[in-house]
Every structure is written in structure tokens, then in C-alpha cells.
1. Filter region B:134-152 down to residues that are within 14 Å of B:L166 (Cα to Cα) and in contact with a helix residue (DSSP H, G or I) (Cβ under 9 Å, 6 or more places away or on another chain), then give me how many there are.
2. List the helices (runs of 4 or more DSSP H) inside region B:184-251, counting only whole elements, that have at least 2 residues being surrounded by 22 or more Cβ atoms within 10 Å (Cβ to Cβ) and within 12 Å of chain A (Cβ to nearest Cβ).
3. Are any residues in region B:59-77 in contact (Cβ under 8 Å) with a residue 24 or more places away in the chain and closer than 21 Å to A:E98 by Cβ, and if so, which ones?
4. If you scan region A:49-68, which residues turn out to be among the polar types (S, T, N, Q) and within 13 Å of ligand 2 (Cβ to nearest atom)?
5. Is one or more of the residues making up region B:137-152 outside any loop (DSSP other than H, G, I, E, B) and small (G, A, S)?
6. When you check B:C80 against the structure, is it under 18 Å from the mean Cα position of the chain (by Cα), free of Cβ contacts under 8 Å to residues at least 40 places away in the same chain and crowded, with 23+ Cβ neighbours inside 10 Å, yes or no?
7. Quick check on region A:102-125: of everything there that is within 8 Å of chain B (Cβ to nearest Cβ) and closer than 18 Å to B:D57 by Cβ, which residue is surrounded by the most Cβ atoms within 10 Å (Cβ to Cβ)?
8. Can you say whether A:L175 is at the interface with another protein chain (Cβ under 8 Å from one of its Cβ atoms), more than 18 Å from the chain's Cα centre (by Cα) and not in a helix (DSSP H, G or I), as far as the supplied structure shows?
Amino acid sequence: MSLEKQIAISPAGELAAKLNSAQLPVDACYQCKKCSSGCPLTFAMDLLPDQVIRLALLGQEEQVLGAVTPWVCSSCETCTTRCPNGIDIAGVMDWLKEEALRRGYSIPQVQISRFHQSFLETVRLGGGRLSEPLLLGLYSLRSGKTLEKLKSGELKDELLLGWELVRRGRLKPKLPKKLKGAGEIAAFFAKSER
Amino acid sequence: MKVSYYPGCSLEETAIDYAESIAAVAPLLDLELAELEDWNCCGASAAHSINHTLALDLSARNLLIARQAGLDLVVPCALCFNRLKVAEKALPVPQENKGKTQPPVKVWDLLDYLTQPEFLKSLAGKVVRPLAGLKAVCYYGCLAARPPKVTDKEAYENPGNMEALLRALGAEPLDWSYKTDCCGAGLALARPDIIDTLVKRLYDRALAAGAECFVVSCQMCQANLDLPQKRIAKKAGRDYYLPVLYFTELIGLALAHPEVDKWLARHLVDPRPLLKKLGALSAFA
Ligand code: SF4
Ligand code: SF4
């Protein structure tokens with residue numbers, strides 16, 4: 001959707017109510033756009049942060065849950081820090097990503113959602129700590145872009161970079177330490193998937 | 001002085017240079033870092049982005065371990081620090097601390113801890129090789145400072161403690177407006193194209209300020225400014241030579257720690273030519 005396009009909207013209150021109960025109220029937004037003015041990622045977004053908040057307030061679930069914006073948001077917290085009305089915009093972005101996945105929305109930035117998923121999977125497999133080489137491997141498998149990257153030369157660059165890191169002792173193919181609390185960690189994962 | 005220490009996952013691997021320089025520098029400052037027993041990954045951006053319950057549980061476990069240890073907790077990674085502070089705000093205050101203003105254990109980010117006035121004073125007295133002529137911009141990144149209602153920081157838009165440290169070490173910190181701007185590190189693998197835009201802007205602004213290097217206090221910023229420098233240069237059709245140093249490496253340099261060379265050799269953009277030019281590395285030349 002273009003940023004300028006006018007859209008006909010029938011307001012609905014459920015989304016704002018859900019955000020309210022997640023301790024992420026958006027109703028105080030008076031559209032000053034300070035969040036968007038300071039956001040370093042707007043060049044990669046389809047909706048500006050202030051538009052996400054406004055559309056959420058108006059209950060436009062399809063638009064905000066299907067948007068690119070929450071995924072390319074880098075969680076830099078500039079917007080949340082500066083909002084004069086105390087709105088946790090970065091928190092809303094997180095909520096939207098989690099909700100979009102939970103509801104089975106088609107994700108407009110699968111590279112990013114798969115990265116997050118691979119990261120958590122790596123921590124789970126490692127028993128509580130992250131193994132960076134395992135993450136790189138798992139993510140390459142999951143991102144499903146290997147062929148494309150091979151053609152564009154990006155894969156070669158990535159492998160070279162990986163090799164540079166190995167050579168400098170910054171990437172060692174080993175699994176993380178076994179934790180005494182591995183059971184506890186596994187329980188956190190199980191609880192969060194319920 | 002003894003504190004609890006939460007290194008975080010990447011200090012065991014890609015940020016081994018940061019870990020080594022911290023371990024080397026702490027004893028020079030009479031600081032004992034007791035690694036937190038059985039700590040776990042904080043879940044980083046992945047957990048808070050798509051699984052907020054898990055994010056909270058993972059960090060809360062670390063904080064509870066720290067509370068049991070009973071010492072202030074020092075954290076070198078800005079993201080781990082941020083997640084621990086989020087957990088601190090979410091967890092109930094233990095019974096014995098009810099009504100007190102101080103939390104049971106204070107969570108510090110490493111830079112803040114080491115730039116307390118008494119450390120700065122003792123550091124200045126220990127400098128044997130002042131970093132004269134080292135023109136640097138300090139790059140703090142996002143999450144050690146923001147949002148202040150989580151981090152409890154006062155100088156969250158324009159911090160100055162890294163500059164104060166550099167001055168104590170004899171270096172020349174330069175003013176610039178991008179010290180807390182985001183480098184996008186969390187997107188480095190999934191959207192390298194976004195990194196190219198964000199990081200190039202930081203390179204250009206640093207150069208415009210007259211800087212010859214970055215000094216950082218976060219291993220994600222370090223990796224994100226160091227690793228893609230060649231790629232960004234190629235894309236921009238120009239050369240960049242902007243080494244990205246940890247503030248702890250600079251302390252090691254100024255205090256003439258014998259292992260400095262080993263840490264610096266791990267960087268992709270080798271800082272040694274710059275330091276040699278300044279005579280700051282003469283002992284190893
Ligand atoms: S800064 Fe806050 S009040 Fe202003 S537009 Fe953004 S969310 Fe709304
Ligand atoms: S947290 Fe996200 S939306 Fe907010 S300023 Fe940063 S990148 Fe933009």
C-alpha cells in the first residue's frame with residue numbers, strides 16, 4: 001500500500017482492546033508523528049510507525065498484521081523513548097509479529113521471521129545457550145534462498161566471511177556448554193508453545 | 001571489588017576478542033568478575049519479537065540467579081543488559097527489599113560500570129601509553145540506553161561517558177550526532193541490504209566528523225560495523241578503512257596489556273595499521 005493512498009476505513013475496537021490487555025495501549029496517540037520522524041528504518045517500511053499505531057487504534061487488523069513494518073523494525077526503541085504519550089510503539093511492533101505468526105498470517109518478510117525462529121530453535125537445541133555456527137547452519141537451511149544466493153554470488157561472499165571468522169578464532173564449531181538448568185529451559189519453551 | 005558477570009552467548013564465540021579484553025582489563029582495575037553460575041541465553045531479539053513469554057522467562061531466570069548470588073550484575077552486551085532490565089521491571093520485588101528504593105541487585109552495563117568516577121580516576125593514573133592522536137567517534141548503539149523507563153539511564157539521547165573514558169586514556173573523542181543511532185544489527189543476516197544503508201550512513205558520518213575509527217561498547221555493533229565493511233565499500237564504489245574497537249581494548253592498549261595484539265588480530269578491519277601509525281602499538285611493531 002502506498003503511504004499517500006487514502007483508505008476507506010470502518011473502525012473497530014477489538015484490536016485496541018487486545019493491545020490494552022497486553023499492556024500496550026495505543027488510544028492516547030494524537031498523531032504527532034514523532035515516532036516516525038526519529039525512526040531509522042522508515043526507508044524499508046510499507047507503513048510508517050505512526051500509521052501502524054493509528055490503524056491499530058482503528059482496528060484494521062488485516063493491514064497491520066500483514067504489514068512489512070513490524071518485521072523490519074529493528075527494535076531500536078527510539079519511538080518508544082520519544083513518544084510524548086508514553087505509547088510503546090516498539091512493543092506494539094513485537095506484539096504484531098507474534099500475533100501474525102500465531103494467527104497464521106502469510107508473513108511478508110519470511111527471511112526475518114525464519115531468522116527469529118531459527119534463533120530460538122538453536123537455543124532450544126543447544127539446551128539454553130546459543131551456538132552461533134549452529135544458528136548460521138540452521139538459518140541457511142531454513143531461509144531456502146541457497147540457490148538464489150549461489151547465483152548472485154552472495155553465497156560465496158557469505159562463505160568467505162565465515163571462513164575469515166573461523167581463521168580469526170571467532171567462529172568455532174562446537175556446541176554450547178550443558179546447563180544444569182536445561183530442564184528448566186525446556187519447560188520454558190514447552191510453556192510458551194502451549 | 002567483586003561483581004557478578006553475565007557474558008552472554010556471543011562473548012563465547014564471535015565476540016571472543018571483547019571477552020578476552022574484558023577478562024584482561026578487569027584485574028588491572030582491581031575488579032573481580034564472577035561469572036554467573038549456569039546462565040542461559042536471554043533469547044535476544046528473536047524471543048522478544050515472536051515469543052514474549054519465553055523472552056521474559058529466559059531473562060528472569062538469569063536475574064534470579066544473580067539475586068541469589070547477591071552481587072551487582074555487570075553485563076557487556078547491550079541487548080542482554082536490556083533484556084535483564086525488562087525482567088527486573090517485570091519481576092516482583094522480593095519480600096526483604098519491599099519499601100527500599102534499591103533493587104536487590106543492580107544490573108549494570110559494563111561501560112557504565114567502568115566509567116564510574118572512581119574507575120575513571122584510577123584509570124587515568126594507570127595509563128602508561130596515552131592514546132595521543134587517536135581520533136575516534138564513540139558509538140553507543142541503542143539498547144544500553146533505550147528506553148529509559150527500562151534502562152533507568154539519564155543520558156539516553158546524548159551519553160558522554162565513553163568520551164570521558166577516551167579522554168582519560170589520552171585519546172581524542174570527536175562529537176557527532178549518531179552515537180545512539182541504530183545500526184540494525186538484528187537484521188544483519190536476514191536483510192543485509194538494510195544494514196548496507198544504515199551502516200554506510202554511520203561510516204560517512206564518522207568520516208565527516210573527522211574520525212579514523214569507531215569505539216563501541218556492544219559486540220553486536222562491533223560485528224555489524226566490522227564484518228560488512230568490505231561489502232559496503234564495494235557497493236559504494238569507494239574504500240573505507242574504519243576499524244571498530246572495543247572500549248576495553250583501548251583500556252588494554254593505554255595500560256599496555258601484553259595481549260592487546262591477540263584481540264586486535266581477530267578484527268576483520270585490522271586496527272593495527274592505524275595504531276602503529278600513531279605509535280600506540282610500538283611495543284608490538
Ligand atoms: S509519537 Fe506517539 S503520539 Fe506521536 S504519532 Fe507516534 S505513537 Fe502517536
Ligand atoms: S523501534 Fe522500530 S519503529 Fe521504533 S524507531 Fe526503532 S525501528 Fe522504528
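No value in this document is a laboratory result; all are computed from the given coordinates. This structure is a prediction, so every number in the text was calculated from the model and none was measured. Heads up, the Cβs are rebuilt from the backbone with ideal geometry, glycines too, and the neighbour counts pull from every protein chain shown.
1. 6
2. Numbers: elements: B:192-208, B:219-226, B:229-236.
Those helices (runs of 4 or more DSSP H) span B:192-208, B:219-226.
3. Residues of region B:59-77 that are in contact (Cβ under 8 Å) with a residue 24 or more places away in the chain, as a first pass: B:59-60, B:62-67, B:69-77.
Correct list: B:S59, B:A60.
4. Of the residues in region A:49-68, the ones among the polar types (S, T, N, Q) are A:51, A:60, A:63.
A:Q51, the sole residue that qualifies.
5. Filtering region B:137-152 for residues outside any loop (DSSP other than H, G, I, E, B) gives B:137-139, B:148-151.
Keeping just the survivors that are small (G, A, S) gives none.
No: region B:137-152 contains no residue that is outside any loop (DSSP other than H, G, I, E, B) and small (G, A, S).
6. The answer is no for B:C80.
7. Across region A:102-125, the extreme among qualifying residues is A:V123.
8. On the way: at the interface with another protein chain (Cβ under 8 Å from one of its Cβ atoms): no; more than 18 Å from the chain's Cα centre (by Cα): yes; not in a helix (DSSP H, G or I): yes.
So A:L175 fails the test.
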